[in-house]
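The structure under discussion appears below in the form of structure tokens.
Derivation of every value follows stated rules applied to the coordinates shown; laboratory data play no part. No experiment lies behind these values; they were computed from the predicted model shown. In this analysis, Cβ positions are derived from the backbone assuming ideal geometry, glycine residues included, and neighbour counts consider all displayed protein chains.
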Amino acid sequence: METPDEVKRCPDCGETKAVAEFGLNKRMADGRARYCKACFRRRSTQSYRKRMAEQGKTVREVREVPEGHKYCPRCERVKPVTEFGRNRAVKSGLTDYCKPCHNTVMREERIKNHGSTRNYHLKRRYGITEDDFERMLARQGGLCAICRAVPGTFVDHSHATGLVRGILCFNCNNGLGHFGDNLVLLELAALYLDGEILWPEFVVLPRQRVSDEVARTRSYHLTQRYQVRHEDVERMISAQHGLCVVCWDRPPEHVDHCHRTGDVRYALCLPCNTGIGQFRDDPGVVRRALSYVEATVEEFDDVEVSEEELRELVEADERLRGEFYSTVSRVG
């Protein structure tokens, strides 16, 4: 049994120290290591560095890092922990590299593993490669699959199925997004641009608009841009039952006008007004967009329905119809 007063001499540093300063080693007669812990640690480090050098590897020096800071081995700088991203997979909860270096390393890895950053994003988001993209664009003659007027630059996919449909220009891709790939809305937008509006018989009336919600500069803006007054627009919106004349679903927020003649047409909601603008006010382009989306809509074969299922469907339809008429107002 060792006592606190027992000592031992380290042959490396030549100092006599308490036995507690020596590690355990069952192979030694006294059960303690030959060298003190400090010398053993130094010898172990030197041995490790020697082995790594023989393998052509370099061991980084241990750096003193102040509290709240971290060393980035790529730029070799000590930075605040706020300069490092999050990584829940490691104990520290921080990335190995600072944010700029981390972005550089990730970009280099993507190029190394996927050929390019674009190829990585195409495969991750759409499941296609750059070669697939170029082949699709070549089949389209290098032009947008809808307007056929400008080069295609954006991959378009069905938000319902995730399948890639084609390569579109910025305007057509955004136009589809504003109409939500909705075939009915696209048809209504095309009719609207042809000068035909389908006035509904029933609508869900929006909440009453109050006058203090109108911006003070609205009248000046309307007069300067459209040569109409605020009162004229309010009468127009009232005649539209407070709803957009394309979707009949949202309150109108913008005065729509013909970009060729400058004539004011109606008041539209933001998605319909922006979508029509993206399609260049051209009903032909809108109808090509309609055909483009229709070509990718799945068709289902006739499915046999039992009498019980048919009865349940009829009851559900009647219930929905009753709920519909309880919430709408007749305007036609």
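Numerical summary
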{"item": "Pairwise label distance in nanometres, residue 234 with residue 150, each label 7 Å out on the Cα-Cβ vector", "result": "3.9 nm"}
{"item": "Rounded tilt (10° steps) of 283-294 against the dominant C-alpha axis of the chain", "result": "60 degrees"}
{"item": "Helix-only CD estimate at 222 nm, as mean residue ellipticity for the chain, using -39500 (n - 2.57) per DSSP H run (n ≥ 4)", "result": "-12500 deg cm²/dmol"}
{"item": "Fully extended contour minus Cα-Cα distance, from residue 30 to residue 297, at 0.36 nm per residue", "result": "87.8 nm"}
{"item": "Debye log10 I(q)/I(0) at q = 0.12, 0.16, 0.20 Å⁻¹ for region 19-171, Cα point scatterers", "result": "-0.81, -1.02, -1.17"}
{"item": "Scattering curve values for the chain, log₁₀ I(q)/I(0), Debye with Cα scatterers, q = 0.06, 0.09, 0.11, 0.12 Å⁻¹", "result": "-0.52, -0.80, -1.00, -1.10"}
{"item": "Exceeding the 20 Å Cα-Cα cut-off - candidates 26/50; 57/79; 70/99; 8/37; 70/91", "result": "26/50; 57/79"}
{"item": "Sites residue 52 and residue 108 - FRET efficiency at Förster radius 22 Å, r taken between beta-carbons, to 0.05", "result": "0.35"}
{"item": "Lys/Arg +1, Asp/Glu -1 at C-beta; region 22-126 dipole; positive extreme among 122, 69, 104", "result": "122"}
{"item": "DSSP loop GluC sites (Glu not before Pro) with at most 15 other Cβ within 10 Å excluded, longest remaining stretch of the chain", "result": "77-195"}
{"item": "Which of 95, 13, 200, positive extreme of dipole for the chain (C-beta unit charges)", "result": "13"}
{"item": "Region 1-119 - charge dipole about Cα centre, Lys and Arg +1 at Cβ, Asp and Glu -1, debye rounded to 20", "result": "640 debye"}
{"item": "Using a Förster distance of 56 Å, the FRET efficiency for residue 63-residue 143 (Cβ separation, nearest 0.05)", "result": "0.50"}
{"item": "Burial ordering of 44, 158, fewest other beta-carbon atoms within 10 Å first", "result": "44, 158"}
{"item": "Rounded, prolate or oblate (a/c below 1.5 giving rounded, otherwise prolate when a/b exceeds b/c) for region 69-111 by Cα gyration tensor", "result": "oblate"}
{"item": "Rounded to 10°, Cα long-axis angle of helix 307-327 versus longest principal axis of the chain", "result": "80 degrees"}
{"item": "The chain, dipole about Cα centre (Lys/Arg Cβ +1, Asp/Glu Cβ -1), debye to the nearest 20", "result": "3660 debye"}
{"item": "Inter-label distance, nm, simple model (7 Å from Cα along the C-beta direction), residue 328/residue 17", "result": "8.9 nm"}
{"item": "Most mobile of 128, 167, 146 in a GNM of the chain (Cα contacts under 10 Å)", "result": "128"}
{"item": "Angle in degrees between helix 37-54 and the longest Cα principal axis of the chain, rounded to the nearest 10", "result": "60 degrees"}
{"item": "P(r) histogram, all alpha-carbon pairs of region 115-168 included - 10 Å bins from 0, percent", "result": "26, 53, 21, 0"}
{"item": "Spatially proximal lysines relative to residue 123 (Cα-Cα < 16 Å; intrachain offsets below 8 disregarded)", "result": "112"}
{"item": "Ranked 99, 50, criterion: other C-beta atoms within 10 Å, fewest first", "result": "50, 99"}
{"item": "Additional length obtainable on full extension of the chain from residue 183 to residue 161, 0.36 nm per residue less Cα span", "result": "6.3 nm"}
{"item": "Whether region 188-332 is rounded, prolate or oblate, judged on the alpha carbon gyration tensor where a/c under 1.5 counts as rounded", "result": "oblate"}
